[in-house]
Amino acid sequence: MLGLLAGRRYHEISMETLAERAGVSRTTIYRRWPSKAAVVAAAVSSLYLDRVEVPDTGSLADDLATLLGESYRLMADGDGRVLERLVRESGQDPELVDVVRSILYARRRLYATMLNRAMARGELPPEVDQELLLDLLLGPLWFRLLVSGAPITPEAAPSVVELVLEGALTRDTERPDRSAHNR
């Protein structure tokens with residue numbers, strides 16, 4: 001399936017094509033998956049979720065840099081580019097929106113596991129906005145893939161993590177009083 005997605009747009013792939021490629025009948029595919037979107041979700045999940053182990057080194061920065069670096073490696077070449085393509089196509093194909101959303105949400109949960117461990121260790125304050133932190137960590141990847149086209153290298157992951165965590169760990173009392181600028 002990933003090979004088909006790498007070479008064709010989502011709407012160009014039919015259940016007949018899937019069955020032919022797998023050497024089975026359409027009914028065999030429908031017994032396991034209710035729709036083409038479900039087949040795609042299973043295939044892409046196997047690439048982005050099933051092969052991933054959540055690091056647990058005892059250091060949030062190291063764990064995040066490892067998983068983010070692995071994400072960069074995956075998205076930089078080969079089958080990993082399939083998700084980028086699906087994200088782009090989901091803008092024109094409502095059937096793909098839920099598939100993409102569920103895959104990205106599941107991937108974010110891997111990162112959230114690491115954030116929760118860090119909170120339990122006292123390495124991250126519990127009041128940190130986890131969703132915003134994840135947006136900031138993952139934003140550079142998606143910006144480069146979808147907007148700028150700048151290269152994505154696993155070596156950039158530690159710098160991204162360092163900058164994001166530095167901002168997250170800075171206490172409000174240590175920041176300059178911005179209220180004076182807003183008057």
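The values are calculated or read from the model by the stated rules, or taken from the named source; none is laboratory data. The structure presented is a predicted model; accordingly, all values stated were derived computationally and were not measured. Counting neighbours? That spans all protein chains shown, and the Cβs are built from the backbone with ideal geometry, glycine included. Side chains included, ligands, DNA and RNA excluded: accessible areas come from the protein's heavy atoms. Shrake-Rupley method; radii C 1.70, N 1.55, O 1.52, S 1.80 Å.
Side notes on the structure shown:
- Pair list, Cβ under 8 Å, 6 or more apart: the stretch 127-150 residue under 18 Å from MET114 (Cα atoms), other residue among the charged types (D, E, K, R): LEU134/ARG108; LEU138/ARG108
- Members of the stretch 119-128 that are outside any loop (DSSP other than H, G, I, E, B) and either open to solvent by less than 60 Å² (accessible area, probe 1.4 Å) or not hydrophobic (A, V, I, L, M, F, W, C) (or both): MET119, ARG121
- Of all residues making up the stretch 142-183, the number that are over 20 Å from the mean Cα position of the chain (by Cα) and at pLDDT 90 or above: 1
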